[in-house]
1. Do we find a residue being in a loop (DSSP other than H, G, I, E, B), modelled with pLDDT under 90 and more than 23 Å from residue A:243 (Cα to Cα) anywhere in the range C:129-148?
2. What do you reckon, is residue A:219 buried (at least 23 other Cβ atoms within 10 Å of the Cβ), more than 8 Å from chain C (Cβ to nearest Cβ) and at pLDDT 90 or above?
3. Hey, could you check the range B:218-234 for residues that are crowded, with 17+ Cβ neighbours inside 10 Å and aliphatic (A, V, I, L, M) and say which is farthest from residue B:48 (Cα to Cα)?
4. Restricting to the range A:93-107, and then to whatever is of a type in the set (A, V, I, L, M) and over 15 Å from the mean Cα position of the chain (by Cα), can you tell me which residue is nearest to residue A:204 (Cα to Cα)?
5. Applying the selection to the range B:36-92, what residues are part of a loop (DSSP other than H, G, I, E, B) and basic (Lys, Arg)?
6. So, in the range B:72-115, exactly how many residues are of a type outside the set (Val, Ile, Thr), within 9 Å of chain C (Cβ to nearest Cβ) and crowded, with 19+ Cβ neighbours inside 10 Å?
Amino acid sequence: MTATADGQAPAVSKPPRRRARAAGRLLRRPAFVVLLLIVLIALFGPFFLGDPLELGPDTLAAPSMQNWFGTDQFSMDIFTRVVHAARLDLLVGFIAAALAVLAGMPLGALAAYRGGAFDTLLLRVSESLQAFPTLLLALGIVTALSPSIPVLVMIIALVNVPVYLRLTRSAVQPLVNADFVLAARCAGKGQFTILRRHVLPNVSEVVFAQFSVNVAWAIQILAALSFVGVGVKLPTPEWGAMVRGGADYMIYGQWWVALFPGLAILATVLTLNQVADEIRHGS
Amino acid sequence: MNAGGGMDGIDRGPGAGEIPLLTVEDLTVGFGGGEDGGMSIPLQGVSLRVPRATRMSLVGESGSGKSLTASAVLGLLPEGARVLRGSIRLEGEELIGADERRMRRLRGGRIAIMFQNPRASLNPVHTVGGQIAEVIRVHSGAGRRESRNRAVDLLDQMGIPDARRRASDYVHQYSGGMAQRAVLAMALSCRPDLLIADEPTTGLDATLQQQVLDLVIEQVKARGASLLLITHDIAIARQTCEQIAVMYAGRVMESGPTEEVTAAAANPYTAALLKAFVTVDRGRMYAIPGTVPTLSGPLAECPFADRCEMVGPECRERVPELRRIGGREVACVKA
Amino acid sequence: MPLAIYISRRLAYMLVALFGVSLVTFVVTRVLPGNPAYLIVGAMADESTVAAVVERLGLDQSIYEQYVRYIRQLLSGDLGDSWRTSNPVSVDIGARWPATIELGSTALVLALAWSVPFGILSALRRRSLSDRLANAVSGLGVSIPEFWLGLILLLIFFGTLEWAPAPIGRTLGEVPAHTTGLYTIDAILARDWEAFKAAAAQLILPASTLALVVGAPLLRVTRGFMRETMASHHIRSARALGIPERSIVLRHALPNVLLPVSTMVAIMYGYLLGGTVLVEFVFAWPGIGKYAIDSIAASDSIPVLAAVLLSAITYLFVYLMMDVLHFVIDPRTRT
């Protein structure tokens, strides 16, 4: 007899093409494509639209063919402003997250690699920083300094450093005594060379996923700071500030003023979080 | 011709003439095979008979389908797997397609299993005694106190000192050997007719291995139960079981009385396994060249052909079926 | 390990963290550029006021002495004064904390009520409709700006449906007799059902907003641990011994899931009790968060930094309590 399964011819599974190009792989991920779209809108959208500060004929006009998202209390076109604001929000989010990575990752790797008192000290400091609610800590620092965009970026980056520090530390720690690292050490390579060449590449996936989450988080913090009035101020186009501007009109029927910038935050943050999930569960 | 070949009523040694305790016939299990098509068939027509009060070992390399066979018997196939064909009978009662309530009563009641890694097999947040008592309560309907006392007795019988006190301990307070004794107590708590032991000594110290094996044999014998010992180690099989079945690539290659099979293997695969074991004993390593084939579909030739020293053109023509030769059954065209 | 040793060790950890926390707030007030005296009295103050503050804070002394003085003040309960309300900050915060506790606790209860059962259900039925729904809701919950969600809820339930009262403070009715400072609890204690309804009506929208935001990560964590537990060896073992599915989920899996989930709950509660700035702001809820925002708007820094410090301390304290509770409940640490 032969072991035929229900008489079906089995599909021969092809060996996975492991070395498919990374770019091609990313394009097959839906969230990544959406993110690309959002970035493209932020980069090129403003060229096709007018001045975000230009005043129109009507204040608080409902969404229409002229004003897709309506106009605000100053008669500015909300659609134009939402698109323009994408630049600022994405830029601040990206730079703040990048600064946090640049500071946190090497520190975390070094902490894991060096161990001892250095490790303990860094860990305790970041634990203390993480005990603060992110937003309140940012608020506290903003009150002590005068809020400007570079200051905001620095603050958002600072409150995110411990996240990377601990993440990298926990990812690097099991690798420190891995055979290939010991081998490199025996070969007489320096600490930093070993970290850069052998350890960090092994944790990059975790960090990339976290980076995407953190850009999202930075955008949320920026929007929240602007919403409570200590971040970016109107009329500069920024999503959180725009939601704040429309908040009072929300309950009186002019819902579009706050709705659309809020949706923009939601869509961007959701996409960035999905991208992180795709990085984690993919490959 | 049926691969099991068990329907023709010829005398076949122990347990012959009566219905065996467990009969597995032509068991074929597939994974996947949904819309995306890619189906693998890790069990390709397994046939086994475990008579009453008999110890049988199921031997094979990892990936040969031993553990999956045990899961199928318990009706607990992993997610995505399903029985494509075949029959599993417990004293004549068909288990494939049996309803879940019936299966649940059999599990732990008439067929019990103990896994490797005993400390992970016990729940960390309940006491060891409490877990054994729950199994007793579920199957016998005994009260809390009654089942608790029986659990303590069982732990005592398994040689756990100060059983009454240790019954209130948690698994993290047990050593590996003690935990395996407790797992055995739990498996035997409802006097099963068949105990499946899936690599019960893997992960234990060498000295403990022997103790645990001796205890399993002793307890199974004392209760008149059958044992299906799943192991990759043919030495353990030889030493503990009267019957042996050698599995390879989702099929039984050879089965029969242990002495007969190990004295002169009729299947080159069995011979290779024995050779690997014997040479290890003499301090040298012999490894069977090649690896177990991945079973992405039905085979058209002997699964061992690529690794076999005696391979000939006839081996490539079809899949050899189990044939009866003396007291044993062999799947090899050359036997 | 005995409980006393454990607690003292955790307390020591907490002291270290508190030291770090106080250092951070100290650095923010004193070391950052600009004369901190202006932070304290406001930019409009005349020179003699500033000089008095410099004197009082010891700003002419070394940083080290300033820090010691700062800690000594904190320990004596002196958080400084708010020039906006012209009260000691400790008095202001004492008056507002019950509002935050009431909102945060209600939100936590609501969040637990939907997220934990939903997380367990979705873990049990992978890829089912409820699993997909759980995925969507938790994804949304983590990503949605909470201030915007609050506004949307106001638009729907206050602006459009007119089911909810205007978002102004904790009650539109009578303030119930003061016992705990939590209006709903006080109303129940006083059997004043009108006051209870008025207070609960104000509470429901902000608490729901927070419950969605806080519930989302709780759902993810619950689902993750539940999936992990259901795939563990001891669950497989219990199933193989015929334990009914109901007991598998409730008795065997759930305790193993709730222990780690409770850590996440503690983190969330610590965060909620520290003042939820955005939601308190949107709903004009007179708690710590609103106090901080109002102070910022008036460039009154001392109350903001006090709120920051207190919320960090609260967080550490709640976390410590949960740690100790774990130690008491979890058999692995208890024995």
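1. Within the range C:129-148 (the criterion being in a loop (DSSP other than H, G, I, E, B), modelled with pLDDT under 90 and more than 23 Å from residue A:243 (Cα to Cα)), the answer is no, since none of the residues qualifies.
2. Against the criterion (buried (at least 23 other Cβ atoms within 10 Å of the Cβ), more than 8 Å from chain C (Cβ to nearest Cβ) and at pLDDT 90 or above), residue A:219 qualifies.
3. Going through the qualifying residues, I end up with B:220.
4. A:105
5. B:52
6. 9
Here is a yes/no grid of residues against (1) touching a Pro at 6+ places or on another chain (Cβ under 9 Å); (2) more than 10 Å from chain C (Cβ to nearest Cβ); (3) in contact (Cβ under 8 Å) with a residue 24 or more places away in the chain:
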| residue | (1), (2), (3) |
| --- | --- |
| A:88 | yes, yes, yes |
| A:95 | no, yes, yes |
| A:99 | no, yes, yes |
| A:102 | no, yes, no |
| A:109 | no, yes, yes |
| A:129 | yes, no, yes |
| A:132 | no, no, yes |
| A:152 | no, yes, yes |
| A:156 | no, yes, yes |
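Let's see how each residue does on (1) of a type outside the set (A, V, I, L, M, F, W, C); (2) within 20 Å of the chain's Cα centre (by Cα):
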| site | (1), (2) |
| --- | --- |
| A:56 | yes, no |
| A:74 | no, no |
| A:91 | no, yes |
| A:112 | no, no |
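The values are calculated or read from the model by the stated rules, or taken from the named source; none is laboratory data. Small disclaimer: the values here were computed from a predicted structure and weren't measured. Quick reminder, even Gly has a Cβ in these numbers, built from the backbone with ideal geometry, and neighbours come from all protein chains shown.
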